[in-house]
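Everything on this sheet refers to the single structure shown next.
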Amino acid sequence: MRFDDLFSNISDKTAGRLSEEYPVLEDEHKERLYAMSKRKYNINETFDNNGSEVSGVEKYRRPKWYNGASIAAAAVLLVAGIGGSIAFISRNGHSPAAEVENIVLEPTEEVTEAPTETVTEIAEEVFAPEEVDANAIAKELTDAYRDFACDLHAGNLEVDKSNVITKTVVYQSCVEYHREFYRVTDPRYPTWTDVEKRCYEIFDAKLGQVILDNCMCDKEEDINSDTFMYTTDNGYFIEKSVHDDSNGPFDWDEDDVNVKTDENGNIITVRHRSGFNGDGEKYTVETDFTITNTENGWRISKAEEKLLGVPEYDNYDPNTDQ
């Protein structure tokens, strides 16, 4: 019998029992599960069909129940991966019965060979957690941090410089002055909602909110002297000077992230970037990162910037809410 034919005639009762016991798997697990079950079944078939005879030794025949147990084990795993509870609703449209019968397979002959892998052992192998590559995670997220910072604060957003909007802002209720804004046309971030979405793909909820708050983005009707960006129903705008007067995009000074982990399993790394100020003097900024495994995946939960070679009180960290 071919392996793929084993599951063509599963009864509603069996399907219901299996769907109650086993969860729906992702495609990757399904493929691994199918391949593993097929390999084990083929090994059993080869053993039965090609067993060799040894002179002076009585030929061993596997008891009939063994093949049934092997097939049942493969069926339990494969059905769990392919369908889950939704796929195995009975033909009458009713959910399978909640009670599951305990099936006990008793051998009719004595088994003399070593026991094979159990269904539990196979499942544990399939569902074994993948090893975490802390270096790859840290590099991906810290590079994303760099790119996102350059997009919002280093002139990397695409704008329409021919579309300049002038807004009158009142300062301290008595001084009026004009501020100019570019319309943002960047296809990566068609709306401000897209900026927020990308932010929370890099940072955890708490730090992500701080990052967005420091963008000083307001609704058009709420523009004030602190506004760097404002949103409308037809897009959003960035202040001309914020876009044009930045030091431009930056890159990390080193490629190696040199990670370590703390007692809570968080990934810790430090990265540096260098540049030159208006007087032609070189400066270096050190950023300390903590990367945490959140319910949404690995996210940056701390990114503290420090300007090296200057007094501590001269440092300003754009990623804090102070």
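The values are calculated or read from the model by the stated rules, or taken from the named source; none is laboratory data. All figures in this text were calculated on a predicted structure; none of them were measured in a lab. Here Cβ is always computed from backbone atoms with ideal geometry, including for glycine, and neighbour counts include all displayed protein chains.
Can you confirm whether segment 231-243 contains a residue that is assigned by TED's automatic domain parsing to the domain that holds E140, in contact with a strand residue (DSSP E or B) (Cβ under 7 Å, 6 or more places away or on another chain) and more than 16 Å from H153 (Cβ to Cβ)?
Yes: segment 231-243 contains one or more residues that are assigned by TED's automatic domain parsing to the domain that holds E140, in contact with a strand residue (DSSP E or B) (Cβ under 7 Å, 6 or more places away or on another chain) and more than 16 Å from H153 (Cβ to Cβ).
Six or more apart or on different chains, Cβ atoms under 6 Å: show the pairs whose first residue is in segment 211-222 and within 16 Å of G235 (Cα to Cα) and whose second is outside any loop (DSSP other than H, G, I, E, B) and polar (S, T, N, Q).
Within 6 Å, the pairs are K219/T231; E220/T232.
Report yes if some residue within segment 164-186 is in the same structural domain as R299 (by TED's automatic domain parsing) and under 30 Å from T290 (Cβ atoms); otherwise report no.
yes
Could you check segment 166-192 and list, in sequence order, the residues that are more than 20 Å from A154 (Cα to Cα) and surrounded by 10 or more Cβ atoms within 10 Å (Cβ to Cβ)?
Hits for segment 166-192 are K167, V169, V170, Y171, Y177.
Name the strands (runs of 3 or more DSSP E) wholly inside segment 186-288 in which the number of residues that are aliphatic (A, V, I, L, M) is 2 or more.
Once the strands (runs of 3 or more DSSP E) in segment 186-288 are filtered for at least 2 residues that are aliphatic (A, V, I, L, M), what remains is 267-276.
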